[in-house]
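Heads up: the structure comes next, in structure tokens.
The values are calculated or read from the model by the stated rules, or taken from the named source; none is laboratory data. Note that the structure is predicted; figures quoted are calculated from it, not measured. Cβ: placed from backbone, ideal geometry, glycine included. Neighbour counts: every protein chain shown. When the accessible area is computed, the model is the full protein with side chains, heavy atoms only, and any ligands, DNA or RNA have been set aside. Shrake-Rupley method; radii C 1.70, N 1.55, O 1.52, S 1.80 Å.
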Amino acid sequence: MHDPLEALEDYLSNVETKSVEVKLRAGAKPLRLFYTPMTSGEMSQIQKKHPDFPSTSIEALIDLIIIKAMNEDGGKAYTIEHKPKLRRIPHQAVYEIAGPMMASATEEQLEGN
């Protein structure tokens, strides 16, 4: 017999970490960030501030990066204090970083269906 609680615990203890790499400008060192699939709690957190999320709102995507981005050691890459600096990177880079982070939830859901 399959135990739903056991399956949930197994998933939570083995969440896959992925990475995204973006060049902010030609010749610059690439920016590499790590992330895990978006959780329903994180989705809810963003939707409280940005009710139309998922959307292409640049502010929502920057908030997503702040919530999801990790450094190589698994620690938070950015905090709310970094938001002014994140606003200064090219908007295309914001899309390139946030896109895979948003898509990870959809991929996980599709694999389960």
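Can we say His2 is at pLDDT 90 or above and over 14 Å from the mean Cα position of the chain (by Cα)?
Against the criterion (at pLDDT 90 or above and over 14 Å from the mean Cα position of the chain (by Cα)), His2 does not qualify.
What residue, among those in segment 35-58 that are part of a loop (DSSP other than H, G, I, E, B) and open to solvent by 80 Å² or more (accessible area, probe 1.4 Å), is nearest to Leu86 (Cα to Cα)?
Filtering first and then ranking leaves Thr56.
For Arg32, state whether it is out of contact with any helix residue (DSSP H, G or I) (no Cβ under 9 Å at 6 or more places or on another chain), open to solvent by 50 Å² or more (accessible area, probe 1.4 Å), of a type in the set (D, E, K, R) and farther than 30 Å from Leu8 by Cβ.
For Arg32, the condition - out of contact with any helix residue (DSSP H, G or I) (no Cβ under 9 Å at 6 or more places or on another chain), open to solvent by 50 Å² or more (accessible area, probe 1.4 Å), of a type in the set (D, E, K, R) and farther than 30 Å from Leu8 by Cβ - is met.
Could you check segment 59-104 and list, in sequence order, the residues that are over 9 Å from the mean Cα position of the chain (by Cα), assigned to a helix (DSSP H, G or I), surrounded by fewer than 17 Cβ atoms within 10 Å (Cβ to Cβ) and not charged (D, E, K, R)?
Result: Ile80, His82, Pro84, His91, Gln92, Ala93, Tyr95.
Just one of (1) in contact (Cβ under 8 Å) with a residue 40 or more places away in the chain; (2) in contact with an Asp or Glu (Cβ under 7 Å, 6 or more places away or on another chain) trips up Tyr35, so point out which.
Going through the list (1) in contact (Cβ under 8 Å) with a residue 40 or more places away in the chain; (2) in contact with an Asp or Glu (Cβ under 7 Å, 6 or more places away or on another chain), Tyr35 breaks only (2).
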